[in-house]
Amino acid sequence: MSLKDNVNYVKDEISSEEKFLESFVKIERFYKRNKKLIVAAIVVVLALVIGFYLTKYIQETNKYEANIAFNKVLENPKDSEALEVLKTKNEKLYEIAQYLNTKAEGKTPNVDVKFLKELVQYEKALKDKSISELNSVSMQNDFLLKEFAIFNKALLEAENGKFEDAKATLKLIPTDSKVNNLVNILKHYLATK
(Lines give C-alpha, C1' and ligand atoms only; values in the text may rest on other atoms or scores of the structure.)
Protein backbone atom coordinates (compact mmCIF):
# COMPACT_ATOMS: atom_id res chain seq x y z
CA MET A 1 0.00 0.00 0.00
CA SER A 2 1.26 3.42 -0.83
CA LEU A 3 1.38 6.46 1.34
CA LYS A 4 -1.36 8.11 -0.71
CA ASP A 5 -3.65 5.13 -0.14
CA ASN A 6 -2.94 5.25 3.59
CA VAL A 7 -3.74 8.95 3.74
CA ASN A 8 -7.01 8.41 1.84
CA TYR A 9 -7.89 5.56 4.18
CA VAL A 10 -7.26 7.72 7.26
CA LYS A 11 -9.33 10.56 5.72
CA ASP A 12 -12.22 8.18 5.10
CA GLU A 13 -12.03 6.86 8.65
CA ILE A 14 -11.96 10.36 10.11
CA SER A 15 -14.82 11.39 7.85
CA SER A 16 -16.97 8.45 8.95
CA GLU A 17 -16.18 9.17 12.62
CA GLU A 18 -17.12 12.83 12.08
CA LYS A 19 -20.42 11.78 10.56
CA PHE A 20 -21.09 9.47 13.49
CA LEU A 21 -20.28 12.20 16.02
CA GLU A 22 -22.32 14.70 14.03
CA SER A 23 -25.40 12.43 14.06
CA PHE A 24 -24.88 11.74 17.76
CA VAL A 25 -24.78 15.49 18.45
CA LYS A 26 -27.97 16.00 16.40
CA ILE A 27 -29.75 13.29 18.41
CA GLU A 28 -28.51 14.83 21.65
CA ARG A 29 -29.77 18.29 20.60
CA PHE A 30 -33.13 16.82 19.59
CA TYR A 31 -33.39 15.05 22.93
CA LYS A 32 -32.51 18.20 24.89
CA ARG A 33 -35.04 20.26 22.91
CA ASN A 34 -37.86 17.71 23.27
CA LYS A 35 -36.93 16.10 26.57
CA LYS A 36 -40.26 16.84 28.27
CA LEU A 37 -42.28 15.64 25.30
CA ILE A 38 -40.31 12.39 25.02
CA VAL A 39 -40.58 11.68 28.75
CA ALA A 40 -44.32 12.46 28.66
CA ALA A 41 -44.81 10.10 25.69
CA ILE A 42 -42.97 7.30 27.49
CA VAL A 43 -45.01 7.87 30.67
CA VAL A 44 -48.29 7.81 28.69
CA VAL A 45 -47.34 4.58 26.90
CA LEU A 46 -46.34 2.94 30.20
CA ALA A 47 -49.57 4.12 31.84
CA LEU A 48 -51.63 2.68 28.97
CA VAL A 49 -49.85 -0.67 29.11
CA ILE A 50 -50.20 -0.88 32.90
CA GLY A 51 -53.85 0.20 32.66
CA PHE A 52 -54.59 -2.44 30.04
CA TYR A 53 -53.10 -5.26 32.08
CA LEU A 54 -54.66 -4.01 35.30
CA THR A 55 -58.10 -3.85 33.67
CA LYS A 56 -57.66 -7.34 32.27
CA TYR A 57 -56.63 -8.64 35.70
CA ILE A 58 -59.63 -7.02 37.39
CA GLN A 59 -62.01 -8.47 34.79
CA GLU A 60 -60.57 -11.96 35.26
CA THR A 61 -60.83 -11.62 39.05
CA ASN A 62 -64.45 -10.45 38.81
CA LYS A 63 -65.27 -13.32 36.46
CA TYR A 64 -63.72 -15.86 38.83
CA GLU A 65 -65.51 -14.44 41.90
CA ALA A 66 -68.82 -14.28 40.01
CA ASN A 67 -68.50 -17.92 38.95
CA ILE A 68 -67.82 -19.00 42.52
CA ALA A 69 -70.82 -16.98 43.73
CA PHE A 70 -73.02 -18.46 40.99
CA ASN A 71 -72.05 -21.98 42.06
CA LYS A 72 -72.99 -21.08 45.64
CA VAL A 73 -76.37 -19.79 44.44
CA LEU A 74 -76.94 -23.02 42.51
CA GLU A 75 -76.29 -24.98 45.70
CA ASN A 76 -78.32 -22.63 47.92
CA PRO A 77 -80.69 -20.28 46.01
CA LYS A 78 -81.32 -18.22 49.16
CA ASP A 79 -77.64 -17.32 49.71
CA SER A 80 -78.00 -13.52 49.86
CA GLU A 81 -74.25 -12.91 50.14
CA ALA A 82 -73.55 -14.84 46.94
CA LEU A 83 -76.43 -13.04 45.21
CA GLU A 84 -74.97 -9.70 46.23
CA VAL A 85 -71.55 -10.68 44.87
CA LEU A 86 -73.21 -11.70 41.61
CA LYS A 87 -75.09 -8.43 41.42
CA THR A 88 -71.89 -6.40 41.73
CA LYS A 89 -69.52 -8.62 39.74
CA ASN A 90 -71.65 -9.96 36.87
CA GLU A 91 -75.12 -8.57 36.22
CA LYS A 92 -75.99 -11.22 33.60
CA LEU A 93 -75.20 -14.14 35.92
CA TYR A 94 -77.22 -12.38 38.61
CA GLU A 95 -80.22 -12.21 36.27
CA ILE A 96 -79.80 -15.89 35.40
CA ALA A 97 -79.72 -16.74 39.11
CA GLN A 98 -82.86 -14.66 39.65
CA TYR A 99 -84.47 -16.47 36.71
CA LEU A 100 -83.66 -19.87 38.20
CA ASN A 101 -84.94 -18.84 41.64
CA THR A 102 -88.17 -17.40 40.24
CA LYS A 103 -88.74 -20.44 38.07
CA ALA A 104 -88.13 -22.79 41.03
CA GLU A 105 -90.81 -20.90 42.95
CA GLY A 106 -93.25 -21.51 40.08
CA LYS A 107 -93.51 -17.86 39.09
CA THR A 108 -93.05 -16.33 35.65
CA PRO A 109 -89.55 -14.86 35.58
CA ASN A 110 -88.78 -11.40 34.20
CA VAL A 111 -85.37 -11.51 32.53
CA ASP A 112 -83.27 -9.17 30.38
CA VAL A 113 -80.58 -11.65 29.33
CA LYS A 114 -80.91 -11.90 25.53
CA PHE A 115 -81.31 -15.63 24.85
CA LEU A 116 -82.91 -16.35 28.19
CA LYS A 117 -85.51 -13.65 27.59
CA GLU A 118 -86.38 -15.25 24.25
CA LEU A 119 -86.67 -18.67 25.86
CA VAL A 120 -89.05 -17.25 28.47
CA GLN A 121 -91.16 -15.73 25.67
CA TYR A 122 -91.11 -19.07 23.86
CA GLU A 123 -92.18 -20.99 26.98
CA LYS A 124 -94.97 -18.50 27.61
CA ALA A 125 -96.17 -18.76 23.98
CA LEU A 126 -96.27 -22.56 24.24
CA LYS A 127 -98.03 -22.43 27.60
CA ASP A 128 -100.63 -19.98 26.26
CA LYS A 129 -100.83 -21.84 22.92
CA SER A 130 -100.53 -18.46 21.24
CA ILE A 131 -99.79 -18.62 17.53
CA SER A 132 -99.09 -14.88 17.36
CA GLU A 133 -96.53 -15.05 20.17
CA LEU A 134 -94.85 -18.08 18.58
CA ASN A 135 -94.79 -16.20 15.30
CA SER A 136 -93.17 -13.22 17.02
CA VAL A 137 -90.51 -15.37 18.66
CA SER A 138 -89.77 -17.38 15.52
CA MET A 139 -89.25 -14.21 13.46
CA GLN A 140 -86.21 -13.25 15.52
CA ASN A 141 -83.19 -14.17 13.39
CA ASP A 142 -80.88 -15.20 16.22
CA PHE A 143 -83.40 -17.12 18.32
CA LEU A 144 -81.88 -20.45 19.37
CA LEU A 145 -85.01 -22.53 18.85
CA LYS A 146 -86.32 -20.67 15.81
CA GLU A 147 -87.14 -23.74 13.72
CA PHE A 148 -88.67 -25.53 16.68
CA ALA A 149 -90.86 -22.47 17.34
CA ILE A 150 -91.99 -22.50 13.70
CA PHE A 151 -92.80 -26.20 14.01
CA ASN A 152 -94.83 -25.59 17.18
CA LYS A 153 -96.69 -22.79 15.42
CA ALA A 154 -97.60 -25.22 12.60
CA LEU A 155 -98.63 -27.81 15.18
CA LEU A 156 -100.95 -25.31 16.90
CA GLU A 157 -102.40 -24.29 13.53
CA ALA A 158 -103.09 -27.96 12.75
CA GLU A 159 -104.76 -28.40 16.16
CA ASN A 160 -106.97 -25.40 15.40
CA GLY A 161 -107.97 -26.87 12.02
CA LYS A 162 -105.97 -24.36 9.97
CA PHE A 163 -104.36 -27.06 7.84
CA GLU A 164 -103.35 -24.86 4.91
CA ASP A 165 -101.72 -22.35 7.25
CA ALA A 166 -99.86 -25.22 8.93
CA LYS A 167 -98.58 -26.48 5.57
CA ALA A 168 -97.40 -22.97 4.64
CA THR A 169 -95.69 -22.58 8.02
CA LEU A 170 -93.83 -25.89 7.64
CA LYS A 171 -92.37 -24.64 4.34
CA LEU A 172 -90.48 -22.00 6.35
CA ILE A 173 -88.32 -24.69 7.96
CA PRO A 174 -85.21 -25.55 5.92
CA THR A 175 -84.74 -29.16 4.82
CA ASP A 176 -81.41 -29.46 6.64
CA SER A 177 -82.98 -28.53 9.98
CA LYS A 178 -82.70 -30.80 13.00
CA VAL A 179 -86.48 -30.49 13.36
CA ASN A 180 -86.97 -31.93 9.87
CA ASN A 181 -87.95 -35.41 11.14
CA LEU A 182 -90.83 -33.88 13.09
CA VAL A 183 -91.73 -31.72 10.10
CA ASN A 184 -92.01 -34.81 7.88
CA ILE A 185 -94.29 -36.53 10.39
CA LEU A 186 -96.56 -33.49 10.56
CA LYS A 187 -96.51 -33.16 6.75
CA HIS A 188 -97.70 -36.78 6.42
CA TYR A 189 -100.50 -36.07 8.85
CA LEU A 190 -101.45 -32.88 6.97
CA ALA A 191 -101.42 -34.68 3.61
CA THR A 192 -104.73 -36.28 4.54
CA LYS A 193 -106.30 -32.98 5.58
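The values are calculated or read from the model by the stated rules, or taken from the named source; none is laboratory data. These numbers were taken from a predicted model, which means no experiment stands behind them. Cβ sites come from the backbone with ideal geometry, for glycine too, and all protein chains shown count toward neighbours. The accessibility values were calculated without ligands, DNA or RNA, using every heavy atom of the protein model including side chains. Shrake-Rupley method; radii C 1.70, N 1.55, O 1.52, S 1.80 Å.
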At a 10 angstrom cut-off on C-beta neighbours, averaged per residue, how do the peptides 120-131, 36-47, 71-82 rank from highest to lowest?
120-131, 71-82, 36-47
So what are the radius of gyration and Dmax for the Cα set of segment 1-107, in Å?
33.1, 106
The value for segment 113-192 (convex hull of the alpha-carbon atoms, volume per residue, Å³) is 81 Å³
Could you give me the radius of gyration and the Dmax of the chain, taking only the C-alpha atoms into account and expressing both in angstrom?
35.5, 115
Within the accessible area of the chain (1.4 Å probe), percent carbon and sulfur:
59 percent
1.4 Å probe accessible area per residue over the chain, in Å²
74 Å²
Suppose R0 equals 45 Å; then what is the FRET efficiency for residue 42 and residue 175 from their Cβ-Cβ distance, rounded to the nearest 0.05?
0.15
Simple Cβ-charge dipole of the chain, Lys/Arg +1 and Asp/Glu -1, about Cα centre, in debye nearest 20
320 debye
Can you tell which of 173, 68, 27 shows the greatest fluctuation in a Gaussian network model of the chain with Cα springs below 10 Å?
27
Using only helices, what value at 222 nm comes out for the chain when you add -39,500 (n - 2.57) per DSSP H run of length 4 or more and divide by the total residues, to the nearest 500 deg cm²/dmol?
-26500 deg cm²/dmol
Calculated FRET value between residue 187 and residue 87, using beta carbons and R₀ = 45 Å, to 0.05:
0.40
